[in-house]
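One structure is given here, and the rest of the page talks about it.
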Amino acid sequence: MEYSIQPFHDHAIYISYGEDIREDYLHYSQTIIAELDRNQPIGYVEAIPGYNNLTIFYDPIKIAEEYKTTQMQQTFINTIESMLKNIGEIKATERDVVAIPVCYDEEYGPDLTYVAKFHNLSIEKVIELHSETIYTVHMLGFAPGFPFLGGMDQRIATPRKTTPAPAIPAGSVGIAGIQTGVYPIETPGGWQIIGRTPLSLFQPHMHPPSLLIAGDKLKFYPITKEEFMELEGKKYDYITQ
């Protein structure tokens, strides 16, 4: 895998693979994270994957104390580069498919009609295209537990809103460009909202607090308003396929 390493502030480095959204980038990041967790380099704190990159945070004070150096960042970069040269075969981790119920009714998906008209599709076709795909969680970000999902059908890729909404309800399922995702908490946002899940994807009192992590697979399945109200309030009661 080709990559470049750059400094990122004074306590992190940034590994970039390319510009695209690709699953092999995710698998490479997970391989690196597993290696970091196994070897625990001096100063290592945590690693956070992006669509096509990995940010690794470190403690410069620990590096300075251990290596008696003022070049903490370069020392850490050298350690990571040495580790990357010795990484073996990259393998995808097998995951169950998490099934997420979504009510695509316009009460919960106020932008569903817009998305359908934007692509000259029926509402039913948009729902079909959105719910028939198995998605990959590439990263969490923007808000706690917010999953950025890869694999959405290009036929329903829709630009973000020009003016973000001041409050998107928790559980809202949206589209922004070629991405789709779920708002785990109420927050402002500019994604096109096409439905809502009654499940809670983020609960700070739980461990782990997020239902999903990078590398997970998920599939949405349509439910009625009646089923939504019946399931509302349930938390981690999800099923796998």
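Just so you know, all these numbers are worked out from the coordinates, no wet-lab data involved. Note that the structure is a prediction, hence the values are computed from the model and not measured. Cβ placement follows ideal geometry from the backbone for every residue including glycine, while neighbour counts extend to all protein chains displayed.
A few remarks follow.
- Across the chain, the longest piece that holds none of the GluC sites (Glu not before Pro) lying in DSSP loops with up to 15 other C-beta atoms within 10 Å covers 20-88.
- Estimated [θ] at 222 nm from DSSP helical runs (n ≥ 4, -39500 (n - 2.57)) normalised by residues in the chain, nearest 500: -7500 deg cm²/dmol
- If you take all other residues with their beta carbon under 12 Å from the beta carbon of Asn52, and give Lys and Arg +1 and Asp and Glu -1, the sum is -4.
- Three-way shape call for region 92-241 based on the alpha-carbon gyration tensor, with the a/c threshold at 1.5: rounded
- Using the Cβ-Cβ distance between Thr70 and Met206 with R0 set to 51 Å, the FRET efficiency from 1/(1 + (r/R0)^6) comes to roughly 0.75.
- Relative to the longest principal axis of the Cα atoms of the chain, the long axis of helix 72-85 lies at roughly 70 degrees.
- Label-to-label distance, nm, for residues given as Ser122 and Gln6 (7 Å Cα→Cβ offset): 4.7 nm
- Helix 23-39 and the longest principal axis of the Cα set of the chain meet at an angle near 40°.
- Computed about its Cα centre, the charge dipole of region 111-223 is approximately 140 debye, with only Lys, Arg, Asp and Glu carrying charge at their Cβ.
- Computed magnitude of the charge dipole of the chain (debye, nearest 20; Cβ of K, R +1, Cβ of D, E -1): 240 debye
- Rough spin-label spacing in nm, given labels placed 7 Å along Cα→Cβ, for Asp24 and Gln40: 3.4 nm
- Note on region 29-128: Cα-Cα pairs beyond 15 Å make up 73% of the total pair count.
- At most 12 other Cβ within 10 Å, DSSP loop - trypsin sites (Lys or Arg not before Pro), region 1-95: Lys68, Lys91
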